[in-house]
1. Of 21, 7, 37, which is farthest on the positive side of the dipole of segment 1-54, counting Cα position, with +1 on Lys and Arg Cβ, -1 on Asp and Glu Cβ, and the Cα centre as origin?
2. What is the mean projected area of the alpha carbon convex hull for the chain, to one decimal in square nanometres?
3. Taking 35 Å as R0, compute the FRET efficiency from the Cβ-Cβ separation of residue 57 and residue 126 and round it to 0.05.
4. Work out how much length residue 94 to residue 4 would gain on full extension: take 0.36 nm times their residue separation and subtract the Cα-Cα distance, in nm to one decimal.
5. Compute, for the chain, the length of the dipole vector about the Cα centre, with Cβ point charges of +1 (Lys, Arg) and -1 (Asp, Glu) only. Units Debye, rounded to 20.
6. For residue 47 and residue 34, compute 0.36 nm times the residue count separating them, minus their Cα-Cα distance, and round to one decimal in nm.
7. How high is the relative contact order of the chain, given as a whole-number percent (alpha carbon pairs under 8 Å, six or more residues apart)?
8. Where both partners of a DSSP beta bridge lie in the chain, what percent of those bridges are antiparallel, to the nearest 5?
Amino acid sequence: MIGRLHHLVLDCPDPDVLARFYSELLGWPITWQQPDWVVVAADDRSSGLAFQPVTDYRAPDWPDPARPQQLHVDVMVDDLDIAEPLVLARGARRLAAADPAGPEPGWRVYADPAGHPFCLVPRPSWAPPVNPAGSEP
């Protein structure tokens, strides 16, 4: 190992808005906040997602190769049909897949409030539940 992930940094027009979106999506708190840098992580000692403002930000337009996705985040969920309205209510929008079957069978593609693509991924059988029985997302 050469290093350890510090943060995955996303450029955006408004770091506060995007940090709140991912905080609610992942259930992680905002652990650091400055005007030009906001971090969302499991706790203040963990790697996470960071958000920084970019003047004249130009959102990707997935799957348009003229404005490629740049990066995307895969988010594991217990139930896609329960998760979808929750992310839409927080400002995401569903994107049409380039292939009608989607990026992978059962996966769904969205854009976050700044236009970054992300996928909701059904929890594989080897992974523990995202939300333990009886808890609400």
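Bear in mind these aren't lab numbers, they're just calculated from the coordinates by the rules spelled out. Everything numeric in this text was worked out from a predicted model, so none of it was measured. Cβ sites come from the backbone with ideal geometry, for glycine too, and all protein chains shown count toward neighbours.
1. Of the candidates, 7 comes out farthest on the positive side.
2. Average projection, Cα convex hull of the chain: 9.9 nm².
3. 0.40
4. 29.2 nm
5. 140
6. Full extension of this stretch gives 3.0 nm more.
7. For the chain, the relative contact order is 22 percent.
8. Numbers: 14 of 25 bridges.
Rounded to the nearest five, the antiparallel share is 55 percent.
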